[in-house]
Structures are given as structure tokens and as C-alpha cells.
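The values are calculated or read from the model by the stated rules, or taken from the named source; none is laboratory data. All values reported here derive from a predicted model rather than from experimental measurement. Cβ sites come from the backbone with ideal geometry, for glycine too, and all protein chains shown count toward neighbours. Note: accessible area is taken over every heavy atom of the protein model, side chains too, but ligands, DNA and RNA are not part of it. Shrake-Rupley method; radii C 1.70, N 1.55, O 1.52, S 1.80 Å.
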Amino acid sequence: LNKFKGVIVAFYGCYDGNGDIDPQAMRDLARYYKEAGVKGLYVGGSSGEGMLQSTAERKLVLEAVMEEVGSEMTIIAHVGAPSTRESVELAKHAEAVKADAVSAVPSIYYRLSPDSVEHHWRAMIDSTALPFIIYHIPQLTGFHLSTGLLKKLSALDNVIGVKISSESTYELQQFKAAGGPDFLVLNGPDEQYLAGRSMGADGGIGGTYGVMPELFLKLEQCIQTGDLESAREWQGKINEVISELLQFPSLYGGCKALLKLRGLDIGEPRLPLLPVTDRDQEAVARLHDKLTEY
Ligand code: HMN
């Protein structure tokens, strides 16, 4: 399970000037993370805008990432789609291109019973031999995973862990206790990486890691060596950046504008996620300067 522990970057959607998927930009971005020392990528999740892409596009994205870094990094494919049918299709595709694991949110839009969500996840879990990581993000999906259902699912052989993006470290601890020592718990809220790790998370998957991978790697390093004071300092610096990013018209618009100043042009987020405006450029540049100081 070690390959899933630590800092896993939630990979961004990469588009060209027409708003189409840009495989070359995907490859460049994946290579950039590999060179920064990141161990794994979470592809097609919230940060990857998977929910805003067609099934064919999502396959293209995963293929580009696999071709570039599939043999060098841990690749978790987020395959959750509104319908079970498409989620299963994407899970099978992830297995065919040799991703290391699949992961999925519950179906979105309809109010679903726990039975329904269980069924949805089970269909994906049973459709491949790949490890499965449950994705719990109730503020976006509207579905609140109970510790009971988590316990039931964690007993299945393929289910190796949960990515928990709810902002409760109590719930995180409860999930860890329910899953047992060999069950992975991955922290979702980047602002609470240190808190999540101290309450039992084995690492994290995050949407802001991608603009400052070095800082998250340093933070993780401090946690591993038990240097809590430095860890708190790094988390503080990270949170200054996140607080500013959250001021932009969309978080990912801000992240992409920032990466552009680092020489990585991955386009704008797909609408309805808004890009930054001309007015925001100054703030982006200030943030970029701040990051280069660290
Ligand atoms: C993903 O699935 O791509 C992300 O890892 C999701 C991740 O948990 C993010 N949560 C949300 O977007 C709600 C966080 O990284 C979040 O962006 C960050 O903590 C800033 O608030």
C-alpha cells in the first residue's frame, strides 16, 4: 500500500486554446510533477474536471498521463460519473491502460439512498481487479457516507481506502478506526493536511498541491521526521496561498493562471468554472512571487 501513501497531486484538466483536451499539456504537467519528486497523481477528479468532460475525453486524459508517467508514478483514475454504466466503462478502461487504482464519488444530482450508492460503487468495484478508493466529498455530492457503510465496503478485498474531503478530522479518525490499520485514509482538505495526518491519514490527495508540490513535500517530510513545529510553519505558508487562491472567480482558474507563470500553459478551466480576469492578474503575479521565495 506504500505507493498510495504521502503526497498525491490531484491532476488538473488541461485544455488548448479551443477548450479541447490537450494531451501534450497533460504530458508536460505530469512530467513536471514527476520531476518535482511527487509520487502519485489522481486523475479526473474534482481538480481534473472529470465531471465536465465526456467519457471519451476522460479516457484520452488518462491515456496521455499513463503514456507519459504510468510506469514511474502511482496513478489513481477517478472514474465516477453520474451513471453507473459510464462509471463502469471508465473503470474497465482504467484497468486496460494499467492504472494502479480506481476511485469514485457517489453519483451526483439525484438524492440517493445509501443502498443506491453502495450498488453504484459495487458495480465499479466488481468490474475490475484493480484496488478501489472510495471518494467521500459530501459538500459537492450531497451524499454523506456513514461509518457503517464505509466499514461494510472496507471489508471487500479490492477496497483499499477512502479519500475524505469532508472537513472533519473526527470523521477521518472514525473512518480509519472502522477500516482498520491496513485501510488507507487520504486527506482531502489541503488546508488541514497536517491535522489530517495527525488524526491518522496516510497521506493526502489535493487540488492545490499542483501549484506548490514542493511545499507539500516539505510538509510531509517534516511530519515524517516528527518536526511538528516546522510542519506547522509550512502548513501556515501553504494556507496563506490557499486563502488567496480561494478569492479568484474559481479555484482552478487561479491555479491554472499561476502555473502559466511557471511556464506550464494548461489553458483555462472549462465553463461554468470561470477563468481569472485581467483584474486578477496582478494578484496572480504576487502569489507567484511569494511562491518563488519559498
Ligand atoms: C480532487 O478530487 O481533485 C481534489 O483532490 C479534491 C480536493 O479534496 C479539494 N476539495 C475540493 O475541491 C472541495 C481540495 O484540494 C480543495 O481544493 C482545497 O482543500 C482548497 O480548499
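Table for the structure above
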quantity	calculated
R0 of 30 Å, Cβ-Cβ distance Ser168-Asp115: FRET efficiency to nearest 0.05	0.80
Gap separating the Cα centres of the range 1-76 and the range 181-221, nearest whole Å	18 Å
Taking only Cα atoms of the range 178-242, radius of gyration then Dmax in Å	11.5, 34
Over 21 Å (Cα to Cα) - which of Lys98/Lys256; Lys34/Lys218; Lys39/Lys98; Lys92/Lys152; Lys218/Lys290 fall in this group	Lys98/Lys256; Lys92/Lys152
Positive-pole candidate from Ala155, Leu219, Phe175, dipole of the chain, charges at beta carbon	Ala155
Theoretical ellipticity at 222 nm over the chain - DSSP helices of four or more residues, -39500 (n - 2.57) apiece, nearest 500	-14500 deg cm²/dmol
Accessible area of the chain divided out per residue, in Å², using a probe of 1.4 angstrom	43 Å²
Calculated over the chain: convex hull of Cα atoms, volume per residue (Å³)	117 Å³
Residue-span extension gain [Ala56 to Lys151] - 0.36 nm each, minus C-alpha spacing	30.9 nm
DSSP beta bridges in the range 2-213 [antiparallel fraction, %, rounded to 5]	5 percent
Of all accessible heavy-atom area on the range 106-263, the percent that carbon and sulfur account for (1.4 Å)	51 percent
Translational diffusion coefficient (Stokes-Einstein; Kirkwood radius from C-alpha pairs) of the range 12-95 at 25 °C, 0.890 mPa s, in µm²/s	192 µm²/s
Ser243/Ala129 FRET efficiency (R0 35 Å; Cβ-Cβ; nearest 0.05)	0.25
Net length gained if the chain between Glu233 and Gln139 were fully extended (0.36 nm per residue, minus Cα distance)	31.0 nm
Solvent-accessible surface (1.4 angstrom probe) belonging to Arg122, in square angstrom, nearest 10	90 Å²
Sites Ala285 and Asp16 - FRET efficiency at Förster radius 25 Å, r taken between beta-carbons, to 0.05	0.60
Equivalent ellipsoid dimensions for the range 226-294 as semi-axes, Å, which come from the Cα gyration tensor, largest first	25, 13, 11
The range 225-294: trypsin sites (Lys or Arg not before Pro) falling in loop per DSSP and having at most 13 other Cβ within 10 Å	Arg262
Sequence-separation-based contact order of the range 118-179, relative, with Cα cut under 8 Å and 6+ spacing, percent	38 percent
Equivalent ellipsoid semi-axes - Cα gyration tensor, the range 18-157, angstrom	26, 16, 14
Environment charge of Asp265, counting only residues whose C-beta is closer than 15 Å and scoring Lys/Arg +1, Asp/Glu -1	0
For peptides 145-152, 8-15, 68-75, 102-109, sequence by mean Cβ density within 10 Å, most packed first	8-15, 102-109, 68-75, 145-152
